[in-house]
1. Across segment 113-140, which residue is surrounded by the fewest Cβ atoms within 10 Å (Cβ to Cβ) among those that are under 18 Å from Q202 (Cα atoms) and under 23 Å from the mean Cα position of the chain (by Cα)?
2. Yes or no: segment 197-217 includes at least one residue that is hydroxyl-bearing (S, T, Y) and either over 18 Å from the mean Cα position of the chain (by Cα) or more than 14 Å from A103 (Cα to Cα) (or both).
3. So G119 passes all but one of these: (1) modelled with pLDDT of 95 or more; (2) part of a helix (DSSP H, G or I). Which condition number does it fail?
4. Find the strands (runs of 3 or more DSSP E) located wholly in segment 1-112 whose residues include 1 or more that are surrounded by fewer than 21 Cβ atoms within 10 Å (Cβ to Cβ) and either more than 18 Å from the chain's Cα centre (by Cα) or among the acidic types (D, E) (or both), and list them.
5. If you go through segment 153-176 one residue at a time, how many are out of contact with any strand residue (DSSP E or B) (no Cβ under 7 Å at 6 or more places or on another chain) and touching a residue at least 60 places away in the same chain (Cβ under 8 Å)?
Amino acid sequence: MIKSQPIGLFDSGIGGTSIWKEIHQLLPNENTIYLADTKNAPYGQRSKEEIIELSIKNTEFLLEQNSKIIVVACNTATTNAIKELRAKFDVPFIGIEPAIKPAANNSKTQTIGILATKGTLNSELFNKATERFQDTKIIEQVGYNLVKLIEDGQMHSEEMTSLLHKYLEPMIEANIDYLVLGCSHYPYLIPQIKEILPKHIQIIDSGEAVAKQTQKLLEQKNVLNDSNMPSTSVFYTNANTEVLDDILEHKYSVIQKDF
């Protein structure tokens, strides 16, 4: 493994760029390759078998680009496929799971909310994680259509506002004091979510924790990029490049490619 090899990331669309941004901010010297499988989004409505198959295909693409580690920047793919990926490929993987632990451990009302995809909430890995917090009431809500609206460039639409009210208001009434975002797309909705939630409810996503875990793994493997050369970040999508380009503020190379 060579230090200058890129970190590979994939997601079922643009959502994982929220994870990429945290990694890039913490590790600016690292070269990165990001794969947006937008054509097959959202993963949350797909079967476990489909999610595994798509995750294998995405991993193969990133390994062809010489990635030194793979970040599964998708809650649904992590909770449904990371076990199979680790068994199949001889490369380190980092996954992303809903940050239930800090929410449950810090909750004063012992009631937390989780907004996630159906695929994540139904997964064995998620259910194992929630079993550890029997004393905390966990209110689960599937974010139906949220990913699709984001992928369609409708992040600030009336439909998005309406859905967020529909999903969050029952949680507020149930007296949650933490909201866990269980999908890498959802951090892009935080400004709108904050307008709905009372100020005392804290929002938690996994981005910063994943970035720190990435740094830790690279240090353990002794493959942190210590080059003084400017880093490169390349983004691939198998759909229209426009939404991905917009979310990256037109600062990076976005390539449309069938895979």
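The values are calculated or read from the model by the stated rules, or taken from the named source; none is laboratory data. All values derive from a computational prediction rather than experimental measurement. Note that we place each Cβ from the backbone using ideal geometry, even for glycine, and neighbour counts take in every protein chain shown.
1. It comes out as I139.
2. Looking for residues that are hydroxyl-bearing (S, T, Y) and either over 18 Å from the mean Cα position of the chain (by Cα) or more than 14 Å from A103 (Cα to Cα) (or both), one finds at least one in segment 197-217, hence yes.
3. If we test G119 against (1) modelled with pLDDT of 95 or more; (2) part of a helix (DSSP H, G or I), just (1) comes out false.
4. Of the strands (runs of 3 or more DSSP E) lying wholly inside segment 1-112, none has at least 1 residues that are surrounded by fewer than 21 Cβ atoms within 10 Å (Cβ to Cβ) and either more than 18 Å from the chain's Cα centre (by Cα) or among the acidic types (D, E) (or both).
5. Residues in segment 153-176 being out of contact with any strand residue (DSSP E or B) (no Cβ under 7 Å at 6 or more places or on another chain) and touching a residue at least 60 places away in the same chain (Cβ under 8 Å): 1 in total.
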